[in-house]
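Below: one structure, written as structure tokens.
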Amino acid sequence: MSHEVETMAWANEVPWHRLGVEVDENLTPDQILRIADLDWLVKRKPVQWTGADGQLNTSEKYFSLVREAFTRTCDGVKMPEQELASGLTDQYHPIQNKRMAEFFSDYIKNGVATMETAISLFNGKIVVLMAKTNENFELAGGDKIEQYFYIASYHTGRDQVKIRSSRTRVVCNNTFSASLRENVAIKGVISHRIEFTDSIEKQVKEDLGISVEQMRKFKEQTEFLASKKLKEKDLLNYLVLVYQPELLKEKSFNIGKMFDKGYEFKPSRNINKSYGAFHDRYEKNGKLLKLENTGNDLDSCKNDNYWKAFNCVTFNEDHLRGGATADEQRTKHALLENSSIKGKALDIALELAKAQ
């Protein structure tokens, strides 16, 4: 809800609740951070308590996470020091909002993205910085793909920093929660148990495929896959190459008979699930259930193509492998989970599409 927003700066489209400060879309990450009153610092502070003897004691083992006192840019009000979390050890490394803003600098300088939102939720416990990529494009059928990516920094003492891509613009807690539930292309976390150095940032960007060159390359690959149609037999061949390539070595194997009763060679669960995702269905306990939000409703996927085939694999990896319930999906939000399968699936899709 809107009252969960503490401070915010936003560019472009006006949020429905009209909170925060409107800014120019050409601001640097540091500038939007400052205007949104998010340039405050957090620090570890030893836990203190008063003993039975009335003496003030200071812990050498446990710490609180404290937001330092600061003055708001918008109204000049002096904000006092605020405890955000407690019971931390010296293994917890605070990550500053300014450090998170630096994550976007390379994209802004290279014209790959523009800053869209800087927002504080729940009195500074969650800070979200979002950029809108300039690699927005239209696929076959006229689908306009607008992609955002953001970093959510949690000053809670327990939650990891989350990196996500999203088609949902975050301007409140509701849209933030919606973006976390999406089938996203970029999905990673950063632990507070390590120092977030420049070398780790570089590795994270490369591993998640969001370096400047990777983003441009993926746009080209996406457009190419969406332009190449495939038939049912092509789809099965693709899924076998991704999940069960050993079947193709058997002389008596016939793709056309894979789903025949009594046929010796049976498709794996991942082939079945990906095939079902391609057709918006999911089999569970012998029953066929309808899948929603697979992306198949995009005009670019209505004419069956390799872009749709690739998406059915990523949908399986992100949502169906290991379960389709919300609780089961939440357990899968780890850094680079199943990324090797998705990378392989993309390479195979491109190879088959080029061979047409």
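Carbon-plus-sulfur accessible fraction, the chain (probe radius 1.4 Å, protein heavy atoms only): 47%. Simple point charges give the picture: +1 on the Cβ of Lys and Arg, -1 on the Cβ of Asp and Glu, and for the chain a dipole about the Cα centre of about 1120 debye.
Provide Trp307, Trp49 ordered by accessible surface of protein heavy atoms (probe 1.4 Å), highest first. Spell out each step's value before the answer.
Numbers: Trp307 30, Trp49 125 Å².
In descending accessible area the options line up as Trp49, Trp307.
Sites listed here are trypsin sites (Lys or Arg not before Pro) in the stretch 54-83 whose DSSP assignment is loop and whose Cβ has at most 16 other Cβ atoms within 10 Å: Arg72. Which FRET efficiency, nearest 0.05, do Arg72 and Glu206 yield, Cβ-Cβ r, R0 35 Å? The pair Arg72/Glu206 has a calculated efficiency of 0.40.
Filter the GluC sites (Glu not before Pro) in the stretch 195-261 to those in DSSP coil with at most 15 other Cβ atoms within 10 Å of their Cβ, and list the result.
Numbers: sites: Glu195, Glu201, Glu206, Glu213, Glu220, Glu223, Glu232, Glu246, Glu250; in loops: Glu195, Glu250.
Counting only loop positions with at most 15 other Cβ atoms within 10 Å, the GluC sites (Glu not before Pro) in the stretch 195-261 are Glu195, Glu250.
Extent of the stretch 196-324 along its three principal axes (Cα atoms, max minus min coordinate, largest first): 56, 32, 31 Å.
Straight-line cross-link reach from Lys229 at under 19 Å between alpha-carbon atoms covers these lysines, not counting any fewer than eight positions away in the same chain: Lys219, Lys302, Lys308, Lys354.
Here log10 I(q)/I(0) by the Debye sum over Cα atoms at q = 0.07, 0.12 Å⁻¹ was computed from the coordinates, and among (i) -0.38, -0.94; (ii) -0.50, -1.01; (iii) -0.32, -0.94 the match is (i).
Surface exposure of the chain, expressed per residue as accessible area with a 1.4 Å probe, stands at 51 Å².
When the helices of the chain are scored as -39500 (n - 2.57) per DSSP H run of n ≥ 4 and the total is divided over every residue, the value at 222 nm lands at -9000 deg cm²/dmol.
The values are calculated or read from the model by the stated rules, or taken from the named source; none is laboratory data. In this text the structure is predicted, and so the values were computed from the model without any measurement. Please note: Cβ atoms are built from the backbone with ideal geometry, for glycine as well, and neighbour counts cover all protein chains shown. Just the protein is used for accessible areas: all its heavy atoms, side chains included, with ligands, DNA and RNA removed. Shrake-Rupley method; radii C 1.70, N 1.55, O 1.52, S 1.80 Å.
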